[in-house]
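For reference, the structure discussed in these notes is given below.
A short reminder: the numbers here are calculations on the coordinates, not readings from a lab. Just so we're clear, the structure is a prediction, and the values are computed from it rather than from any experiment. Note: ideal-geometry Cβ built from the backbone for every residue, glycine included; neighbour counts use all protein chains shown.
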Amino acid sequence: MNFPAELKYTKDHEWIRVEGDEAVIGITDFAQRELGDIVFVDINSLDEEVAANEVFGTIEAVKTVSDLFMPLTATVVAVNEAIDASPELVNSDPYGEGWIIRVKLADVASIDGLLTADQYKEEINA
């Protein structure tokens, strides 16, 4: 499995890449493998501020639907439209073209409370 060191991670299996006061968020390689074939991603929080650890949408696989949790308090500013047409991008490229949302962070410093790649690996026993 792939765990890019430049990203931060959550215990709920989301990753976050900070870019100034904005960030890109998706699900981890581990999460997409556990879910199986992704068939639909529903984001109902565009242009809304979502508190840390609150649900910002759902992801549907062939056999299950899972909530997506916001790693940090942030406002959703964009949804990856490519996954509307091709949700399998989340499976094939979870850290690249399969990103889910872009957000404006309420407090960039709060990133320090998230897991490093090594800590995330320990969390999932990888």
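Per the conditions (1) within 14 Å of LYS8 (Cβ to Cβ); (2) within 14 Å of the chain's Cα centre (by Cα), the sole criterion not satisfied by ASP112 is (2). In this structure, does VAL18 turn out to be surrounded by fewer than 21 Cβ atoms within 10 Å (Cβ to Cβ) and either in contact with a Phe, Trp or Tyr (Cβ under 7 Å, 6 or more places away or on another chain) or basic (Lys, Arg) (or both)? So VAL18 fails the test. Every condition in (1) touching a helix residue (DSSP H, G or I) at 6+ places or on another chain (Cβ under 6 Å); (2) in a loop (DSSP other than H, G, I, E, B) holds for ASN91 except the one numbered (2). Scanning the range 70-81 for residues that are touching a residue at least 12 places away in the same chain (Cβ under 8 Å) and out of contact with any helix residue (DSSP H, G or I) (no Cβ under 6 Å at 6 or more places or on another chain) returns MET70, PRO71, THR73, ALA74, THR75, VAL76, VAL77, ALA78, VAL79, ASN80.
Residue count for the range 87-114 under the criterion of being farther than 20 Å from ASN53 by Cβ, among the small types (Gly, Ala, Ser), surrounded by 13 or more Cβ atoms within 10 Å (Cβ to Cβ) and without any contact (Cβ under 8 Å) to a residue 60 or more places away in the chain: the result is 0.
Summed over the range 41-75, the residues that are more than 18 Å from LEU105 (Cβ to Cβ), charged (D, E, K, R) and assigned to a loop (DSSP other than H, G, I, E, B) give a count of 1. Inside the range 21-40, residues that are of a type in the set (Gly, Ala, Ser), surrounded by 20 or more Cβ atoms within 10 Å (Cβ to Cβ) and in a loop (DSSP other than H, G, I, E, B) make up a count of 0. Within the range 3-18, residues that are touching a residue at least 12 places away in the same chain (Cβ under 8 Å) and of a type in the set (Ser, Thr, Tyr) reach partners that are surrounded by 22 or more Cβ atoms within 10 Å (Cβ to Cβ) and not in a loop (DSSP other than H, G, I, E, B) with beta carbons closer than 7 Å, at six or more positions or on different chains, in the pairs TYR9/TRP15.
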